[in-house]
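Asker: Dropping a structure here in structure tokens format, bear with me for questions.
The values are calculated or read from the model by the stated rules, or taken from the named source; none is laboratory data. What you see is a predicted model; the values in this text were computed from it and never measured. Positions of Cβ are generated from backbone atoms using ideal geometry, with glycine treated the same way; all protein chains shown enter the neighbour counts.
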Amino acid sequence: MQQEAAQREAEELQRVQWRPRPVRGWGFPRLLWYLVFLQPIITELHLRRKNVQFLFIRFSAWQYAGTDKLWAGLVTTLCEGIRHHYGALPFSVYSVLGNKPATTSGCCHREWHCRRRVFLALLALLAALCLGVGLLYLSLGGHALGHGSASGSVLKVFGGAATTLSGSGLLMAVYSVGKHMFVSQRKKIERLVSREKFGSQLGFMCEVKKEVELLTDFLCFLEIYQRRRLRVVLEVTGLDTCYPERVVGVLNAINTLLSDSHAPFIFILVVDPSILAACLESAGNMKGTADNGYLFLNRTVTLPFSVPIMGRRTKLQFLHDAVQSRDDLLYREITRKLRPPAGEGSEGVQLLAVETQVGAEREQGRIDAEAARRIQEALFCLHDERDCLYEYVPDNVVSMRRIVNTVPITVRLLQQQQQQAECGGPTPRQAVAWVVLANQWPCRLSWVLQCLEDRQQVGGAPEGRARLWDVFCDNSRELHTMTKALQNVLDLDGDPELFQRFLGADFPFTVAEAQCLLRCTVNLDHSIRRRMGLIRAVSALKPPTPPKSPTGDAPHAISASGSSPAGRNSGNASEAHQPRERAHGGKPRPVA
């Protein structure tokens, strides 16, 4: 947008040869003169101007998430940003003495009209002030010379009256300007919001609307003065982290308060559409209006722009920048304070302590150097163009930084584990691949680990050379039956096809490698595994099956032989003894 503005400015200079007027430095007194004595006129020449200046204002919604009226924070941020850019004095003068830009019919090239009433009123006040001061001076001078009379008293009365009236008029104007300087629009709106039951006050929204219209007219005045178009770009971020009702309030403020046909405002909503649509659908005051959040957004957003997928070079550059920002973890210097000298003791004991300390420092330096080398090797695999690992990293800068920040901790824990075991283990490339796996598919990885843990508890764990992908395939049907209970967790996973290619072809982790890497995994939420374990244990609990009935002719035998209660009891007793005889290996006896 800045490049577009610079290009348009150059083209406009070649066309009309008029440079924009400055608003700072030596142009500041000229701006004040125009604000007081001249009225702008919107002409055809102004409407044909193509040069534009963008004023960027950032609004972070989470800073105002605690207030009940988030949209009021949006309006106050807009007012405060414009006031800070152009200064408090010009806007205060325009609020007191300024006039709304006028439009003319016909071909008129004059952009400014002299405000004769203001000019004559100011001249009259100054003349009355000078006259009053002169009369007071004459009356006081005649009284000092001893020529006091009735005429001197008359001059004193008229002089005092003229001075008081003219001076009070000028002081009221200065007081109004000073009041607007110290009491900004932001404070006015905050006072309105802080009042009790402000929502039920008639005309509250009208007062806010007037402040926005005053701001719009001031920007229109500056457009004609500077000879360029002005567009205020308000960047709204963090809206998808607020409550649904407050999200609705901000969108309503954009749609109603700040959506006039001539309002020079451009709003950039940096949000996740899925989260924003869910907020609109769940808001209680939007029932019937935004049952479909996506349709409501389509009616609000006039220029949708979805960030496209990163190209290979762009992703590698972002990964390289994220890695370079973590150089403090790779090459940080180890500084230690000098220990105080040892206490009383023999000289040999002190020398032995010094040698032990030097040896420990050398060993620690060697360990840190080896860790730095491994971390650098692991991070280099992320942005190596010849490696396929970068293809599994998401196109999200936040996720990239999470992965880059996790790799040094994982590699250091893995190195410490290998030193204690005094054996080899996963390479740095495998460590960074495991971090990517846990970051991109936490649900599926937790399911595989939970299945391995359950098999190990019952004594049927697979061999260490078995692949994780084979374990997942063996238990994928059971995971499919739990999709309803694990819907929120499954939403955390990335592309399932990439998961298959990751574990099945590019990084075929084995069970032994997974168990080794699990001990140093810090970016996998273990509560997911516990939840899966509980669901799996509950699903394994089956209701007890009723005992099978004996041979088909048993009921008939019982009913035939027992017309009396004794016959029924004898039949039931024989049925009760039947399972015990089977348990001892005897053959079941027919029921008589």
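Asker: I'm told LEU297 meets every condition in (1) part of a helix (DSSP H, G or I); (2) within 17 Å of the chain's Cα centre (by Cα); (3) of a type outside the set (Asp, Glu); (4) surrounded by 15 or more Cβ atoms within 10 Å (Cβ to Cβ) except one. Can you identify the failing condition by its number?
Answerer: Checking LEU297 against (1) part of a helix (DSSP H, G or I); (2) within 17 Å of the chain's Cα centre (by Cα); (3) of a type outside the set (Asp, Glu); (4) surrounded by 15 or more Cβ atoms within 10 Å (Cβ to Cβ), the one that fails is (2).
Asker: Consider VAL323 against the criteria (1) crowded, with 17+ Cβ neighbours inside 10 Å; (2) closer than 24 Å to GLY238 by Cβ; (3) at pLDDT below 85: it satisfies all of them except one. Which criterion is unmet?
Answerer: Just one mismatch for VAL323, condition (2).
Asker: Would you call ILE334 among the hydrophobic types (A, V, I, L, M, F, W, C), closer than 30 Å to LEU382 by Cα and either surrounded by 11 or more Cβ atoms within 10 Å (Cβ to Cβ) or modelled with pLDDT of 65 or more (or both)?
Answerer: Spelling it out, it is not the case that ILE334 is among the hydrophobic types (A, V, I, L, M, F, W, C), closer than 30 Å to LEU382 by Cα and either surrounded by 11 or more Cβ atoms within 10 Å (Cβ to Cβ) or modelled with pLDDT of 65 or more (or both).
Asker: Under 38 Å from the mean Cα position of the chain (by Cα) and surrounded by 17 or more Cβ atoms within 10 Å (Cβ to Cβ), is that true of ARG83?
Answerer: On the way: under 38 Å from the mean Cα position of the chain (by Cα): yes; surrounded by 17 or more Cβ atoms within 10 Å (Cβ to Cβ): yes.
Yes: the conditions hold for ARG83.
Asker: From ALA88, ALA102, ALA61, grab the single residue that is under 30 Å from ALA121 (Cβ atoms) and in contact with a Ser or Thr (Cβ under 8 Å, 6 or more places away or on another chain).
Answerer: Details: ALA102 fails: in contact with a Ser or Thr (Cβ under 8 Å, 6 or more places away or on another chain); ALA61 fails: under 30 Å from ALA121 (Cβ atoms).
The match here is ALA88.
Residue by residue, here is whether (1) among the aromatic types (Phe, Trp, Tyr); (2) over 28 Å from GLN185 (Cα atoms); (3) at pLDDT 70 or above; (4) more than 51 Å from the chain's Cα centre (by Cα) holds:
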{"position": "SER92", "(1), (2), (3), (4)": "no, no, yes, no"}
{"position": "PRO101", "(1), (2), (3), (4)": "no, no, yes, no"}
{"position": "ALA144", "(1), (2), (3), (4)": "no, yes, no, yes"}
{"position": "ALA161", "(1), (2), (3), (4)": "no, yes, yes, yes"}
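Asker: Could you name every one of the helices (runs of 4 or more DSSP H) located completely within segment 439-490 that has at least 1 residues being of a type in the set (Gly, Ala, Ser) and without any contact (Cβ under 8 Å) to a residue 60 or more places away in the chain?
Answerer: Numbers: elements: 442-458, 468-474, 476-481, 487-490.
Here the list reads 476-481.
Asker: I'd like to check something: does segment 63-78 contain any residue that is loosely packed, with under 15 Cβ neighbours inside 10 Å and at positive phi?
Answerer: There is no residue in segment 63-78 that is loosely packed, with under 15 Cβ neighbours inside 10 Å and at positive phi.
Asker: Something else: Please specify each residue of segment 404-448 satisfying the condition of being of a type in the set (A, V, I, L, M) and surrounded by fewer than 20 Cβ atoms within 10 Å (Cβ to Cβ).
Answerer: Within segment 404-448, ILE409, LEU413, ALA421 meet the criteria.
Asker: How many residues does segment 475-495 contain that are within 25 Å of THR410 (Cβ to Cβ) and out of contact with any Lys or Arg (no Cβ under 8 Å at 6 or more places or on another chain)? Reasoning before the result, please.
Answerer: From segment 475-495, those within 25 Å of THR410 (Cβ to Cβ) are 489-495; that's our starting set.
With the extra rule that they be out of contact with any Lys or Arg (no Cβ under 8 Å at 6 or more places or on another chain), the set shrinks to 490-492, 494-495.
Summing the residues that are within 25 Å of THR410 (Cβ to Cβ) and out of contact with any Lys or Arg (no Cβ under 8 Å at 6 or more places or on another chain) in segment 475-495 gives 5.
Asker: A further question follows. Of all residues being surrounded by 19 or more Cβ atoms within 10 Å (Cβ to Cβ) and under 15 Å from VAL301 (Cα atoms) in segment 229-248, which is nearest to the chain's Cα centre (by Cα)? Just the residue, please.
Answerer: LEU239
Asker: Checking the structure you have, find out if any residue of segment 224-242 is of a type outside the set (S, T, N, Q) and touching a His at 6+ places or on another chain (Cβ under 7 Å). Steps first, please.
Answerer: Kept after step one, since they are of a type outside the set (S, T, N, Q), are these residues of segment 224-242: 224-225, 227-236, 238-240, 242.
From the residues that got through so far, the ones that are touching a His at 6+ places or on another chain (Cβ under 7 Å) too are 224.
Looking for residues that are of a type outside the set (S, T, N, Q) and touching a His at 6+ places or on another chain (Cβ under 7 Å), one finds at least one in segment 224-242, hence yes.
Asker: Right, something else. So which residues in segment 506-530 are out of contact with any Lys or Arg (no Cβ under 8 Å at 6 or more places or on another chain) and assigned to a helix (DSSP H, G or I), if there are any at all? Reasoning before the result, please.
Answerer: First, the residues of segment 506-530 that are out of contact with any Lys or Arg (no Cβ under 8 Å at 6 or more places or on another chain): 506-507, 513-522, 524-530.
Hits for segment 506-530 are ASP506, GLU513, ALA514, GLN515, CYS516, LEU517, LEU518, HIS526, SER527, ILE528, ARG529, ARG530.
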